[in-house]
Amino acid sequence: MKWKHIRNIREITLPHNSRGWLSIDSTGGGSATGGVRFGQNVSPDEVRELSEEMTLKFSFLNLPIGGAKAGICCPSPVSPEEKKEIFLQFGKALSPLLREYSYLPGTDMGTMPEDIDQILKGAGLEPQKKDKEINSGYYTAISVFAALKAAASASGLELKNMRITVQGLGKVGIELIRLAAQNGLKLIAAATRKGCLHDAKGLDSEKLIALATQYGDDAVFHYNEIKPVSAEEILTINTDVLCPCAGSQPIHAGNVNQINARMVIPGCNAAASPDTEKRLFERGICYLPGFVCNSGGVLCYLLKSYGFDGQEPGDFLDCGIRHKTAKIFDLAKKTNISPADAARQIVYRHQQRFSLESDASGKLQQLLIRFRCCGIREIIYAPIWAVVQPALRGKDGRRRRIARKILFERLFRS
């Protein structure tokens, strides 16, 4: 599969004073994958940055898949019919890329499966029915919580009664709060863009989930026992773990010195720039990049396509992300660098291999490249994977277990 960085962004004029962008950061086999973001403040810089994050996410998982992101800025409220028209025209404008499968869209902040259906309809394509069967927010939250558990273990912290604050009560934030409650963590603060609720004794997680499901960002005004404060205060609250789950770069140069958490485990993409990550590390705050923590959202589709069902995708993700995150902390300790830099070392090693293999003249050269970049493990498992991959969807239980073990090795141990 040919893999390469291309870093291309295009702008599209849309109805109702809206503008759209598609940023393709890299391609694998000629295509790139990434969600479509919709909101009043979406910008081309944000879309470009998020497409880069998608490349990092796939590379971290040892998947030579291209990273992309689309975004639509709609500055004023629109009716459901007007929103449909915007997505329809966006799909029409991207029709050549969509019809050739050069860009594969998915849901993101502000979009639902039916919005993606409208984009595909605009391009003259059939809806992607699988999007309606998978709660990607749930699987994203599983990977975030798995990374949290690994970070807590590396930091010597117990999960029981650990204080957690969650910024963003969307699809990921809600599921993360539910997982935290099930595992005995204490939710002491939660915020939407409208405000922040804080109670050092702990918020009622189930009540907050119900309110967020019913009222969205306005949920903070319906939790009657507590008066909300400004949304930005979520970042300054003393807590064990802060989980930003909304927006792009909620932590930046202007507020990084106000962060009052022992760990920052993002559920959103691009939660901080590399410079801000460095400052968090200097302050002794454990930070993991979003491409590590929230990779479950993209990986769940792959697992479903391989026949994983029921609790299997969640269990596989939980075990795998915990294992790979633990490797990050081991590498960081061994090389005396930050966990964020250690994660990027893993990414760049994989990207080097992807790029070199794309230019290799034959299988022998590919094997030498794999050995140089990833060691003997990749040499052993790559040919085995090619043989056992079809068994993932087969009925032979023994062969399927072997295939899943090899898949685990390739995604999480490399």
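None of the figures in this text is laboratory data; all of them are computed from the coordinates on show. Bear in mind that the values here come from a model prediction, so they are computed numbers and not experimental data. Quick reminder, even Gly has a Cβ in these numbers, built from the backbone with ideal geometry, and neighbours come from all protein chains shown.
A few notes on this one:
- Taking amide H atoms as placed 1.01 Å from N in the peptide plane, the amide H of residue 33 lies under 5 Å from those of 66, 67, 68, 104, each 5 or more residues away in sequence or on another chain.
- Each of 223, 103 was scored by other Cβ atoms within 10 Å of its Cβ. Listed from fewest to most, they are 223, 103.
- Neighbourhood net charge (14 Å Cβ-Cβ; Lys/Arg +1, Asp/Glu -1) for residue 160: +1
- Modelled spin-label separation between residue 99 and residue 135, with each label point placed 7 Å from Cα along the Cα-to-Cβ direction: 3.8 nm.
- Cross-linked pairs 227/278; 83/171; 160/278: Cα-Cα separations exceed 32 Å for 227/278.
- Placing pseudo-labels 7 Å out from each Cα toward the beta carbon at residue 402 and residue 153 gives an inter-label distance of 2.8 nm.
- The phi torsions of the stretch 8-24, fed into the Karplus equation with coefficients 6.51, -1.76 and 1.60 and a -60° offset, translate into couplings of 10, 10, 10, 10, 10, 7, 10, x, 6, 6, 9, 10, x, 9, 10, 10, 10 Hz, rounded to whole numbers, with Gly and Pro shown as x.
- Helical content of the chain, expressed as a calculated mean residue ellipticity at 222 nm, amounts to -15000 deg cm²/dmol (DSSP H runs of 4 or more residues, -39,500 (n - 2.57) each, divided by residue number, nearest 500).
- In this calculation the C-beta distance from residue 413 to residue 222 is compared with R0 = 51 Å, giving a FRET efficiency of 0.65.
- Put the Cα centre of the stretch 146-196 next to the Cα centre of the stretch 254-275 and the gap is 14 Å.
- Residue 16 versus residue 309: modelled label distance in nm, points set 7 Å from Cα along the beta carbon direction: 4.0
- Panel order for 10, 322, 398, by other beta carbons found within 10 Å of each beta carbon, from fewest to most: 398, 10, 322.
- Of all DSSP beta bridges in the chain, antiparallel share, percent nearest 5: 45
- Were the residues from residue 345 through residue 4 laid out at 0.36 nm apart, the gain over their Cα-Cα distance would be 121.0 nm.
- Taking 18, 273, 338 and counting other C-beta atoms within 10 Å, the order from fewest to most: 273, 338, 18
- Antiparallel DSSP beta bridges within the stretch 3-133, percent to nearest 5: 60
- Links that overshoot a 19 Å alpha carbon limit, given the list 4/69; 149/327; 57/334: 57/334
- The stretch 197-280: trypsin sites (Lys or Arg not before Pro) in DSSP loop, at most 11 other beta carbons within 10 Å: 201
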